[in-house]
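Some notes on the structure that comes next.
The values are calculated or read from the model by the stated rules, or taken from the named source; none is laboratory data. Not measured: the values here are computed from a predicted model. Cβ atoms come from the backbone with ideal geometry, glycine included; neighbour counts cover every protein chain shown. Each accessible area value is taken on the protein alone, full model and side chains, heavy atoms only, with ligands, DNA and RNA left out. Shrake-Rupley method; radii C 1.70, N 1.55, O 1.52, S 1.80 Å.
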Protein chains: 2
Amino acid sequence: SIKIIGQYTNKDAQAYFAYDSKKSFGVTVSHLRFGDKAIKSTYLITAPDFVSCSTHSYIGRYDLLKGIKEGGVFLLNSPWSKEEAFSHLTRDMQETIINKKIKFYNIDAESLIEKQPGLRGKGANTVMMVAYFKVSGIIPFEQALEGMREMTKKTFKKKGDDVVNMNLALIDAAVDACEEVIVPASLDGVCSADPVKFISDDASEFAKKIIEPSMRQKGDDIPVSAMSVDGVIPTGTSCLEKRAIAPRVPHWNSEACIQCGICASACPHAAIRTKLIEKENLKDAPESFNTIEAKPNANGEHFKVQVYCKDCTGCGVCVDQCPANKNPEKQALTWSTIEKEEAACEVVNEKFFDELPDNVMGKNTTKTIKGAMLRKPLFEFSGACAGCGETPYVKLVSQLFGENAIVANATGCSSIYSGTFPTIPYTTTKAGRGPAWANSLFEDNAEFGFGMRLAVEQNRDTLRTFAQKVIENEKTPADLREALTEALTHFDNSKTEEAVAAQDKAKAVLAKYADVDCADLAKVRELQDYFTDKSVWIIGGDGWANDIGYGGIDHVLAQNKNVNILVLDTEVYSNTGGQASKSTPTGAVAKFATGGKKTYKKNMGLMSMSYGYVYVASVALGADRAQTLKAFQEAEAYDGPSIIFAYAPCIAHGIDMSKTQTEQKRAVEAGYFPLYRYNPANEQPFSWDAKDPKGSYQEFIKSEGRYKQLAKTNPDAAEELYQKAEEDAAKRMAVFKAIGELIK
Amino acid sequence: SIKIIGQYTNKDAQAYFAYDSKKSFGVTVSHLRFGDKAIKSTYLITAPDFVSCSTHSYIGRYDLLKGIKEGGVFLLNSPWSKEEAFSHLTRDMQETIINKKIKFYNIDAESLIEKQPGLRGKGANTVMMVAYFKVSGIIPFEQALEGMREMTKKTFKKKGDDVVNMNLALIDAAVDACEEVIVPASLDGVCSADPVKFISDDASEFAKKIIEPSMRQKGDDIPVSAMSVDGVIPTGTSCLEKRAIAPRVPHWNSEACIQCGICASACPHAAIRTKLIEKENLKDAPESFNTIEAKPNANGEHFKVQVYCKDCTGCGVCVDQCPANKNPEKQALTWSTIEKEEAACEVVNEKFFDELPDNVMGKNTTKTIKGAMLRKPLFEFSGACAGCGETPYVKLVSQLFGENAIVANATGCSSIYSGTFPTIPYTTTKAGRGPAWANSLFEDNAEFGFGMRLAVEQNRDTLRTFAQKVIENEKTPADLREALTEALTHFDNSKTEEAVAAQDKAKAVLAKYADVDCADLAKVRELQDYFTDKSVWIIGGDGWANDIGYGGIDHVLAQNKNVNILVLDTEVYSNTGGQASKSTPTGAVAKFATGGKKTYKKNMGLMSMSYGYVYVASVALGADRAQTLKAFQEAEAYDGPSIIFAYAPCIAHGIDMSKTQTEQKRAVEAGYFPLYRYNPANEQPFSWDAKDPKGSYQEFIKSEGRYKQLAKTNPDAAEELYQKAEEDAAKRMAVFKAIGELIK
Ligand SMILES: Cc1ncc(C[n+]2csc(CCOP(=O)(O)OP(=O)(O)O)c2C)c(N)n1
Ligand SMILES: Cc1ncc(C[n+]2csc(CCOP(=O)(O)OP(=O)(O)O)c2C)c(N)n1
Ligand code: SF4
Ligand code: SF4
Ligand code: SF4
Ligand code: SF4
Ligand code: SF4
Ligand code: SF4
């Protein structure tokens, strides 16, 4: 709208946008001003003439009509008719509309968009724009229409005539679709919607004082005095959001399920999960709580797939990946909606599922994906894009090692979706164990994590020394001496079940003597968490790893300390909109490489291997889940530096985001992305884990937008670069396949 | 002295040291204060009671007695007797001594040191210390003597009993060696020394106003207004210094010389040079100017080896390396002294040699070391340590590419010896062409040089565009059009003799039209130097390359631009005293790795090769001069990024510095340092250039102080680490030898 007014009229225009940091379905508030005089307001709008709401789910969540002027206009996108729309507003909105004599219009954008299936659900903004010009009368509607048409042609030209035409058709359809909603004269007998409750009454102070207002877009009202003095904030809070943003959610059909756990491993949002449930725990299950008998079965456990509807983004990755979805007659995962699932008591089921004991393994172990997926994800409901290729890896780390993990996160998508204030996707077990997380700078993250490792070692050394002192002290009571001695027995192998039991015991006995005034004992108490060694994870994107943080990574790898580096390889700087990194392969189009990247994808795996004492793996979850799982476990177990390069499809790739896991498989099969592990602990350290390419390299890259678009903008260069891309990849593969013999 | 007074008396002591930045024979002024009261002076001494001069060559150079107090003491180290010493002072010193009633003592330290040959010339400080205590009477001499003995035992303990005993013997010998010099009552008929003339009368303003006072240690007196406003200072000034510091200098015996040029290639200081001289140019030669007939011979040229006595450091590398020195009866290079050589007119010879035409090649080309050494070094007389392993490589770059070189220098030894204010070792040809040099920061040097490359490309593009415009302009005179057209013909291959001739012609014609008022022409004139492409060299040490600047190097290599990176690999941070870098090999003792380095020497060569389009070479001049030469030439010729790892023995290695070139040979023969070249321009890019190891790895490392000392401090760990060092090196070699097949 602002562009059209700015370009096609004499009016002055100004636009401020206030974003949140969610990458999927984030909230954007556009503050737009128009006028015949120059605009000099350098602040957001507090008293609007016109309020437009593009998603009816915002009703009851945000104070939509705050400050609206007497006689103003409210435009809503909802499926409701002009008769019912008013009754779907909250009481205070209804009062404002009546008291301030607001004109209320509604348009059903989704129904118009559905008629253009090629738009794949996109176009709400276009519809709202048409409605805006229709209703506001800010400029003659014919003039606006012409402007919108021209703009549409310009904007979508690159995407082809089809897309242009569908958008033009959408504009035409929207012209007469806007209805003035019937507003009753009084509220007597008029229904209204309840405000959405974000935070339950038994939630923490932090949730009430910080999260609640932030979620309501009232973060600016929080006083500084309410903030944490040292920047530490609680984890386990993303589950409070229940954003209910998914236009579609999967429904589990238990009878078709083969209990593979793939849906849970693939979901970028931890919104679909699997659990084993011991029989006696099913006693109090709600009637709607369907389960199936677990296979294999140890003690009559049941198996369940649970969808967390209000946390799901509707990305479709689980549905795409479910192996029991091949037969269209009998599918394990089918599409439903939040409303339907809620009606089918899925929210009640979810609550019961959530409260059931976690990590019941039955006959399974974490050596299989199925087994690993029986563990509770300690990374859930992040704000990553729907379908993101990065988050499943972070979730996997949390499931396997989360209870003892400390994470150093480089700036990038992962720092945004992992550390979005005020809710944090990292969470804890019911016993309160879970990852600690921090983000320093883009460039120094490896060093930051290395420092964590040194601190852990220092603290553990100190703990051992002081525990020894207490043990040797004659005055120490026998039970304390015994408990500490036992805990120290497990000091060097401190994450086994036995070890954890001994540590818990020691902590309990320490608590018993909390009042004893002894400096040595106090030190042991202070450091008691360090009886368990920590698993240090240093996480970031390929831009961090290959470019800006590479000097640090190289230095940290060389120091031969036990840290685990996870490189989420989207082959571009995703968080800032897709700039080329040294990991961008030949021929790919990216910002700063709009003519296709001319140089080779940096072979950081080989470079890391050259040290000989660094564990190195290259994985793609969707291509080989077992290999990925193995690599993560080997990396963690290796008593030295480890680095994993994990292939992560991304919105920047120009692909169907419901197929990000399948895309990984295609990439590996085309010989595009290598799978290997280099484990210095093995006699024969290198293993090449991919099968010989069976797909066509060219076909693969030409199916992705980031490569395809070059053929449109520069066809000659494209063919040459595609060829070079294939050769470069082939070279890389050849090096790897032969390298096993070399670097031992 | 200060330590002894501080430790063995109740007096307070204070010491300030003022150093210059020369690494060999630099000047240090020690400002020492003692007293019974606490010392609170926070400034240097301006009115000393006592002046001690450790080198008689300082007489006439520095204002040694400046500010000395009435009745003070002057102590000199010189070979002169008490009768003659006074007459060797300058007139103003003599006057000061008489007028201020200064007591003047002399001691001949060198004659005492010579009696302890195991000290290899070291010990002047010890002798001067004894003399100081004897003469000053600051504390009872017996007490001082005891202190000196104890200190000596402590200081040299690590080096073995032998060294301790020799130093104790030196102390004993010094006790009675100090003589009071006879000072005449008046100066009538007394001889005196002339002040040393640093700068000739026809020298530049810069030399007179900046260099002269700096050389006289009066740099602090130069006003800021005299300094260059943009920091640019002239090159070609180190030759003004003529420090005459060498206790011994080589003498060329022409009859034994086989004209190989090795002495010139090996000299770290460019103080021994070879030239071909065309016959007619010998006409005016001084009688003492001996030459031999050149072989091979084109037109009756003569060959000459010239020693620049006053620039030589006496390091001995040339004498060690001369292949015609095997037969003790008939050696091409034998030892002499500056005095003897001066008497034999070598200074006159040098002047004549210097003024002869440079770069006369006869039948030679730069494809051989002999040929390359016929070119004038454009890097000369730096302040590097005597025998330094780094400088011969820098000199080689200057000889081969110096006329068109731009150098970006990382902080480190090379930035110190290359950019020592106010004299600069980089110099020019007689025609005024030579390297431009700059030093930015330690960490960003690769980026700094990369920026130079981009600037050169930008300037050349602009030049080409504007030259084209001038050519196409109807008003352009024919000769200018022709000259510019010809210069542009050579634009893409701009360093050939023909190209340079065309460029010179174009510049001459441009000068002719200097008055024409045309903006396009002005631009061409401004950028005329860019008709010749530049050779960009990015130079630094292994600490820079492997650690602190590595992120930048990696990024620059990846950009695929034509830059040449030279890594001077001393395997430690030399400039700051020998800290471990990632290039330090397993087992070597360095600062921060005093127990021997535990990890592998980083294989940066392999890492660089992994790009596939980076020229990579590993060289050791003393091991294979031809391979080194080839690598430098290939790197420069390669139209893309190049990196050369050059092995450089250093004082930090604990070796005989007269054998730094031989040490390189030993290192390669022991399989310690690899020789290879990876040239992406070749069909088969990789070539392994070292022969199979014939020396023993263990023997080699145990012969160097940096390894050997571990066996003393920690024998058990030493054996294990030595073993690991050998294995690590063997692994590296195996990788390289097989890699040729892999990375193509
Ligand atoms: C030193 C520095 N430069 C640039 C940025 C801006 N920045 C923030 S995130 C980001 C991109 C991160 O890309 P990548 O490391 O590939 O991670 P991804 O977002 O793809 O997961 C950039 C450039 C920054 N924060 N710090
Ligand atoms: C960022 C930074 N860190 C440290 C220093 C101090 N410093 C100056 S030179 C030097 C050592 C250089 O070592 P190397 O690169 O190996 O070169 P060499 O002296 O061995 O030739 C150091 C540490 C600095 N100048 N800048
Ligand atoms: S994969 Fe996508 S659609 Fe499936 S549960 Fe997770 S978020 Fe929802
Ligand atoms: S992916 Fe499909 S078959 Fe596998 S557990 Fe999930 S729903 Fe069941
Ligand atoms: S990596 Fe890509 S898909 Fe994932 S959150 Fe970032 S931009 Fe979105
Ligand atoms: S002694 Fe050293 S400095 Fe002197 S000429 Fe020989 S190599 Fe050069
Ligand atoms: S090294 Fe010896 S033989 Fe060779 S040129 Fe020099 S002096 Fe002559
Ligand atoms: S590299 Fe070593 S020998 Fe050379 S100048 Fe530096 S410290 Fe001296």
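Structural remarks
- Every test in (1) free of Cβ contacts under 8 Å to residues at least 12 places away in the same chain; (2) within 11 Å of ligand 6 (Cβ to nearest atom) is passed by B:Ala266 save one, and that test is (1).
- Test for A:Thr584: is it among the polar types (S, T, N, Q), open to solvent by 10 Å² or more (accessible area, probe 1.4 Å) and either away from chain B (no Cβ under 14 Å) or not in a strand (DSSP E or B) (or both): no
- Here B:Lys101 meets each of (1) on the phi < 0 side of the Ramachandran plot; (2) out of contact with any strand residue (DSSP E or B) (no Cβ under 8 Å at 6 or more places or on another chain) with one exception, condition (1).
- Top-ranked residue in the stretch A:246-267 [being closer than 28 Å to A:Met215 by Cβ and open to solvent by 40 Å² or more (accessible area, probe 1.4 Å); ranked as modelled with the highest pLDDT]: A:His251
- Qualifying residue in the stretch A:383-391 (condition: modelled with pLDDT under 95, within 30 Å of A:Trp544 (Cα to Cα) and either touching a strand residue (DSSP E or B) at 6+ places or on another chain (Cβ under 9 Å) or open to solvent by less than 20 Å² (accessible area, probe 1.4 Å) (or both)): yes
- Comparison of A:Lys304, A:Lys310 shows that the only residue that is of a type in the set (Lys, Arg) and assigned to a loop (DSSP other than H, G, I, E, B) is A:Lys310.
- Selection status of B:Ser618, surrounded by fewer than 21 Cβ atoms within 10 Å (Cβ to Cβ) and either of a type in the set (D, E, K, R) or away from ligand 2 (no atom under 16 Å from the Cβ) (or both): no
- All conditions in (1) in a loop (DSSP other than H, G, I, E, B); (2) open to solvent by less than 30 Å² (accessible area, probe 1.4 Å); (3) away from ligand 1 (no atom under 16 Å from the Cβ) hold for A:Glu341, with the sole exception of (1).
- Test for A:Ala590: is it under 28 Å from the mean Cα position of the chain (by Cα), under 29 Å from A:Gly371 (Cα atoms) and away from chain B (no Cβ under 14 Å): no
- Residue in the stretch B:270-279 that is open to solvent by 20 Å² or more (accessible area, probe 1.4 Å), within 16 Å of ligand 8 (Cβ to nearest atom) and out of contact with any Phe, Trp or Tyr (no Cβ under 9 Å at 6 or more places or on another chain) present: no
- Subset tally (residues that are open to solvent by 40 Å² or more (accessible area, probe 1.4 Å) and without any contact (Cβ under 8 Å) to a residue 60 or more places away in the chain) for the stretch A:303-326: 1
- The single condition among (1) of a type outside the set (S, T, N, Q); (2) modelled with pLDDT of 95 or more; (3) open to solvent by 10 Å² or more (accessible area, probe 1.4 Å); (4) farther than 30 Å from B:Asn714 by Cα that B:Gly612 does not meet is (2).
- Looking only at residues in the stretch B:553-579 that are open to solvent by 10 Å² or more (accessible area, probe 1.4 Å) and away from chain A (no Cβ under 11 Å), the one that is farthest from the chain's Cα centre (by Cα) is B:Asn562.
- Count - residues of the stretch A:654-691 that are acidic (Asp, Glu), more than 18 Å from A:Cys388 (Cα to Cα), open to solvent by 40 Å² or more (accessible area, probe 1.4 Å) and part of a loop (DSSP other than H, G, I, E, B): 1
- The stretch B:4-33, subset open to solvent by less than 60 Å² (accessible area, probe 1.4 Å) and among the β-branched types (Val, Ile, Thr), residue nearest to B:Pro247 (Cα to Cα): B:Val27
- Pair list, Cβ < 8 Å and 6+ apart or interchain, from the stretch B:154-170 residues that are over 14 Å from B:Lys122 (Cα atoms) to residues that are among the β-branched types (Val, Ile, Thr): B:Lys157/B:Val164
- Answer residue from the stretch A:692-744, given it is basic (Lys, Arg) and assigned to a loop (DSSP other than H, G, I, E, B) and is nearest to the other protein chains (Cβ to nearest Cβ) among those: A:Lys744
- Residue count, the stretch B:311-353 (criterion: basic (Lys, Arg) and at pLDDT below 95): 2
- Residue count for the stretch B:82-111, restricted to those that are touching a residue at least 60 places away in the same chain (Cβ under 8 Å), open to solvent by 40 Å² or more (accessible area, probe 1.4 Å) and assigned to a loop (DSSP other than H, G, I, E, B): 3
- Identity of the residue in the stretch A:187-235, over 24 Å from A:Lys66 (Cα atoms) and among the hydroxyl-bearing types (Ser, Thr, Tyr), that ends up most open to solvent (accessible area, probe 1.4 Å): A:Ser225
- Search result, residues across the stretch B:235-245 that are within 16 Å of ligand 8 (Cβ to nearest atom) and either within 14 Å of chain A (Cβ to nearest Cβ) or part of a loop (DSSP other than H, G, I, E, B) (or both): B:Arg243, B:Ile245
- Applying the criterion of being aliphatic (A, V, I, L, M), within 14 Å of chain B (Cβ to nearest Cβ) and not in a helix (DSSP H, G or I) to the residues of the stretch A:598-642, the residue that is farthest from the chain's Cα centre (by Cα) is A:Val614.
- Residues (more than 33 Å from the chain's Cα centre (by Cα) and of a type outside the set (Gly, Ala, Ser)) located in the stretch A:75-92: A:Lys82, A:Glu83, A:Glu84, A:Phe86, A:Arg91, A:Asp92
- Residue match in the stretch B:539-552 (condition: within 14 Å of chain A (Cβ to nearest Cβ) and part of a loop (DSSP other than H, G, I, E, B)): yes
- Some residue of the stretch A:282-302 being open to solvent by 50 Å² or more (accessible area, probe 1.4 Å), more than 21 Å from A:Ala372 (Cα to Cα) and within 24 Å of the chain's Cα centre (by Cα): no
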